[in-house]
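Have a look at the structure below before the remarks.
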2 protein chains.
Amino acid sequence: MKKYHVAIVGATGAVGTQMLSILEQRQFPIEKLTLLSSARSAGQSLRYNGQSVTIQEATPDKFKGVDIALFSAGGSVSKELAPAAVEHGAIVIDNTSAFRMDPNVPLVVPEVNELDLQDHKGIIANPNCSTIQMVVALEPIRQAMGLKKVVVSTYQAVSGAGVHAIDEMKNQSQSILNGEKPEAKILPVKGADHHFPIAFNVVPQIDVFDSNGYTFEEMKMINETKKIMHMPSLKVSATCVRLPVETGHSESVYIEVDEEGKNVADMHQLLESASGVVLQDSPHEQIYPMPSTSAGELEVFVGRVRQDLDEPNGFHLWIVSDNLLKGAAWNSVQIAESLLKLKLV
Amino acid sequence: MKKYHVAIVGATGAVGTQMLSILEQRQFPIEKLTLLSSARSAGQSLRYNGQSVTIQEATPDKFKGVDIALFSAGGSVSKELAPAAVEHGAIVIDNTSAFRMDPNVPLVVPEVNELDLQDHKGIIANPNCSTIQMVVALEPIRQAMGLKKVVVSTYQAVSGAGVHAIDEMKNQSQSILNGEKPEAKILPVKGADHHFPIAFNVVPQIDVFDSNGYTFEEMKMINETKKIMHMPSLKVSATCVRLPVETGHSESVYIEVDEEGKNVADMHQLLESASGVVLQDSPHEQIYPMPSTSAGELEVFVGRVRQDLDEPNGFHLWIVSDNLLKGAAWNSVQIAESLLKLKLV
């Protein structure tokens with residue numbers, strides 16, 4: 001079996017460390033592993049398959065000989081280094097928003113649009129975490145019943161904002177429990193004018209605001225869903241909200257399907273056999289997805305499936321997944337596995 | 001000015017103590033105050049206007065001479081004692097779900113349907129907390145533009161489940177911060193088969209499940225909204241979710257209005273002049289409602305107003321209010337104030 005030279009850019013981050021752990025867990029056929037980071041973390045080392053790998057500063061020349069480069073170090077790093085990696089012959093799987101809406105870049109969730117990988121020109125984009133888990137659950141429904149409209153409200157974990165946001169939430173939580181005033185320096189957006197405590201609070205802002213009053217996170221969900229599902233005229237709207245949860249995004253999703261006369265049993269049947277989905281929907285036994293039971297798992301968990309009481313074609317779903325795994329690291333590694341399967345690398 | 005004999009049933013609870021504090025804050029014209037509770041809390045005392053008031057066990061005879069009885073001690077207590085209070089000549093303002101859908105009982109949010117009080121037959125119901133804040137924000141829109149459809153996803157605080165639920169959340173939070181396993185004995189529903197930690201988690205269950213897969217909390221929002229707004233055929237759906245927040249419910253609300261050609265500026269104008277509403281909607285200054293800024297306030301805070309990008313008549317709103325105040329204690333006291341104003345007591 002052929003083995004590959006794999007690089008991780010942003011190896012020390014919340015997603016980068018998960019990428020490393022999933023590559024190991026999946027026994028990805030790695031010949032050589034290159035771990036890259038900012039100058040600040042270079043020189044440190046991380047364990048992979050029982051061996052210590054020294055982290056190097058990410059510079060263009062480090063991609064010589066690399067077959068697959070997994071990027072998760074922020075959009076500006078991707079914009080600077082991904083083209084260099086491609087020039088050196090690497091296929092880039094980029095977890096930032098830098099190239100997602102570029103018409104020349106496939107935006108891929110393997111359960112939904114794996115074959116879009118065939119059109120890649122060196123860079124493949126990994127969608128936004130909150131988009132990925134939603135389309136995994138909606139694609140089997142779209143295939144069987146058609147899809148007209150999606151209204152989603154998210155319940156997003158702080159790890160989506162990085163390891164420092166997790167520390168901030170924990171420190172704030174301890175301060176509040178001690179009766180002290182919490183300090184806020186990172187959330188909702190690093191570098192924004194105002195910071196608000198997330199501990200024991202709910203913040204209806206993820207990423208910065210667009211001129212239309214939607215946040216970039218909301219526009220990502222709207223635009224990426226249409227691109228991944230190949231449905232430019234799908235009606236999608238999103239409200240994205242941050243909560244004091246460490247890992248695991250939840251989503252309350254209202255959909256309207258095309259086909260008439262469908263019911264919850266039809267939905268259950270579809271979701272039970274859907275790739276990457278685990279149905280957890282037995283309300284009378286109190287079985288439904290939660291972050292506490294989904295964190296650390298690779299799948300997308302779906303429950304609380306209900307038919308709308310007024311709209312016969314309307315359904316409600318509750319979708320939870322680990323935002324660092326299926327929402328980021330696992331979807332990226334899964335794309336790499338698809339590239340191997342499709343003999344594209 | 002006439003003064004009244006007021007009783008609070010459930011005086012030691014999360015809502016009861018807020019009722020006491022609001023009666024004092026509003027300088028409600030009280031001649032005599034009777035505080036009632038279960039046998040367990042009887043004999044304790046609470047402060048009112050600088051005086052100590054001894055709590056008595058709630059029994060039918062305690063309502064002799066009472067003009068207004070504010071109930072917030074659970075549905076079974078209301079069912080047992082509210083009729084007795086009415087027999088003794090009291091007007092009951094009941095904060096439980098016991099009588100809300102009774103066609104002979106007005107279900108009142110003063111900003112929306114104050115005049116329904118005129119039809120009372122002794123018992124007046126205070127709606128569910130999550131319903132109240134939503135209808136306060138939607139009523140001015142309904143009046144000006146008509147209302148066709150409402151899809152709400154809630155982000156509800158634990159204080160809605162009582163003081164013990166708050167303690168549970170805090171204890172669980174400290175356990176998790178200490179690296180210990182959290183204990184869950186109350187949430188999502190006291191007496192249910194399974195309990196789940198709420199600290200650093202999201203639980204898509206409030207109250208027990210109905211046979212249609214919706215929770216009672218969701219059905220309350222659906223049915224009560226139609227009753228309060230006098231719109232039996234309004235399309236309403238709800239997904240109710242509990243979060244690790246102490247006080248302050250948030251709601252992501254999608255609506256479709258009847259009138260064509262409306263925009264966000266029209267919505268802002270309506271909400272700015274609406275009774276009981278504070279508009280907090282300046283996204284580029286990061287001004288939007290949050291539980292941390294709404295707890296302790298009497299108003300309903302509305303922000304993140306956006307026009308749907310596909311549905312010209314569709315709008316998105318983010319609505320936050322203190323679930324113990326406007327969601328319970330303040331709405332009850334406000335009903336009492338309306339009774340005085342309308343000379344119904």
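Over chain B, what relative contact order in percent results from Cα pairs under 8 Å that are six or more residues apart?
Worked out over chain B, it gives 18 percent.
Please list, ordered by chain and number, the residues whose modelled amide H lies under 5 Å from the amide H of B:LYS32; skip anything fewer than 5 residues away on the same chain.
Amide H neighbours of B:LYS32: B:TYR4, B:HIS5, B:VAL6.
Where only protein heavy atoms count, and the probe is 1.4 Å, what is the accessible area per residue for segment B:131-323 in Å²?
Normalised by residue count, the accessible surface of segment B:131-323 is 34 Å².
For the pairing of chain B with chain A, what total accessible surface becomes buried, with a 1.4 angstrom probe, in square angstrom to the nearest 100?
Chains B and A together bury roughly 5200 Å² of accessible area.
What is segment A:131-322's relative contact order, in percent, from Cα pairs under 8 angstrom and six or more apart in sequence?
RCO, segment A:131-322: 27 percent.
Hey, could you get me the Stokes-Einstein D for chain B, Kirkwood radius over alpha-carbon pairs, 37 °C and 0.692 mPa s, rounded to whole µm² s⁻¹?
This corresponds to a translational diffusion coefficient of 158 µm²/s.
Whose amide H sits under 5 Å from the amide H of B:ILE55, counting only residues 5 or more places off or on another chain, with H placed in the peptide plane?
B:GLY43, B:GLN44, B:SER45, B:LEU46
Name the residues of segment A:133-164 whose accessible area falls by at least 10 Å² when all protein chains are present instead of the chain alone, probe 1.4 Å?
Residues losing area: A:LYS149, A:VAL151, A:SER153, A:TYR155.
Using the 7 Å Cα-to-Cβ label point, sort the distances from A:VAL345 to its equivalents in the other copies shortest first and give them in nm to one decimal.
7.1
Inside 10 Å of the C-beta atoms of B:239-252, what's the mean count of C-beta atoms belonging to other chains?
Whole-number average of other-chain Cβ neighbours for B:239-252 is 5.
One decimal, nm, shortest first: give the distances between the label point of B:ARG47 and those of the same position in the other copies, each label point 7 Å from Cα along Cα→Cβ.
With the label placed 7 Å along Cα→Cβ, B:ARG47 yields 5.6 nm.
State to the nearest 20 debye the size of the charge dipole of segment B:131-323 about its Cα centre, where the only charges are +1 on K and R beta carbons and -1 on D and E beta carbons.
Using Cβ point charges on Lys, Arg, Asp and Glu, segment B:131-323 gives about 360 debye.
So if the hydrodynamic radius of the protein assembly as shown is defined as the Kirkwood radius over C-alpha pairs, what does Stokes-Einstein give as its diffusion coefficient at 4 °C and 1.567 mPa s, in µm² per second?
Once the numbers are plugged in, D ends up at 49 µm²/s.
How far apart, in nm, are the 7 Å Cα→Cβ label points at B:PHE216 and B:HIS230?
For the pair B:PHE216/B:HIS230, the computed spacing is 3.0 nm.
Can you pull out the trypsin sites (Lys or Arg not before Pro) in segment A:303-345 whose DSSP state is coil and whose Cβ has at most 13 other Cβ atoms within 10 Å?
Here the trypsin sites (Lys or Arg not before Pro) that fit, given the DSSP loop and packing criteria, are A:LYS343.
Per residue of B:309-319, what is the mean number of Cβ atoms on other protein chains within 10 angstrom of that residue's Cβ?
4
Give, in nm to one decimal, the length gained when the segment between A:LYS64 and A:ASP258 is fully stretched (0.36 nm per residue of separation minus the Cα-Cα distance).
Roughly 64.9 nm would be gained on extension.
State to the nearest 20 debye the size of the charge dipole of segment A:178-254 about its Cα centre, where the only charges are +1 on K and R beta carbons and -1 on D and E beta carbons.
My answer is approximately 200 debye.
How much net charge surrounds A:GLY65 when only the other residues with a Cβ under 12 Å from the Cβ of A:GLY65 are counted, with Lys and Arg +1 and Asp and Glu -1?
Residues close to A:GLY65 contribute a combined charge of 0.
What value, in deg cm²/dmol to 500, does the helix sum -39500 (n - 2.57) over DSSP H runs of n ≥ 4 give at 222 nm once divided by the residues of chain A?
-8500 deg cm²/dmol
Run the numbers on segment B:177-207: which residues show a drop of 20 Å² or more in accessible area, chain on its own versus all protein chains together, using a 1.4 Å probe over heavy atoms?
When all protein chains are present, B:LEU177, B:HIS194, B:PHE196, B:PHE200, B:ASN201, B:VAL202, B:PRO204, B:GLN205 each give up 20 Å² or more of accessible surface.
Can you tell me which aspartates and glutamates have their Cα less than 13 Å from the Cα of A:LYS341? Leave out same-chain residues fewer than eight positions away.
The reachable aspartates and glutamates, counting only those whose Cα sits under 13 Å from A:LYS341, are A:GLU114.
Distances from B:PRO103 to the same residue in each other copy, label points 7 Å out along Cα→Cβ, in nm, shortest first?
Spelled out, the distances from B:PRO103's label point are 6.1 nm.
In whole percent, and with a 1.4 Å probe on the protein chains, what portion of the accessible area of the protein assembly as shown is carbon and sulfur?
Ligands and nucleic acids excluded, carbon and sulfur give 46 percent.
Can you give me the Cα centroid spacing of segment B:10-80 and segment A:122-162 in angstrom?
49
What residues have an amide H closer than 5 Å to that of B:THR96, excluding those fewer than 5 places away on the same chain, when H is modeled at 1.01 Å from N in the peptide plane?
Residues meeting the criterion, in which the H sits 1.01 Å from N, are B:ASN126.
Along the Cα→Cβ direction, 7 angstrom out, place labels at A:LYS341 and A:LYS121. What is the inter-label distance in nm?
It is 2.7 nm.
Where in segment B:321-345 does the label zone of B:GLU31 land, with the point 7 angstrom along Cα→C-beta and an amide N cut-off under 19 Å?
So the set is B:336-345.
Just to check I understand the Karplus step: with θ = phi - 60° and J = 6.51 cos²θ - 1.76 cosθ + 1.60, what whole-Hz values come out for segment B:142-155, glycine and proline as x?
4, 4, 8, 10, x, 9, 9, 8, 9, 10, 10, 10, 9, 10
Work out the FRET efficiency for B:SER52 and A:ILE287 from their Cβ-Cβ distance, taking R0 = 45 Å, and round it to the nearest 0.05.
My answer for the efficiency is 0.40.
What percent does the relative contact order of segment B:128-235 come to when contacts are Cα pairs within less than 8 Å and at least six residues apart?
27
Look at the axis of the rotation that sends chain A onto chain B, then give the chain A residue with the nearest Cβ and the distance in whole Å.
A:SER153, 2
The values are calculated or read from the model by the stated rules, or taken from the named source; none is laboratory data. Computed from a predicted model, the values in this text were never measured in an experiment. Don't worry about glycine lacking a Cβ; one is built from the backbone with ideal geometry, like all the others, and counts go over all protein chains shown. Side chains included, ligands, DNA and RNA excluded: accessible areas come from the protein's heavy atoms. Shrake-Rupley method; radii C 1.70, N 1.55, O 1.52, S 1.80 Å.
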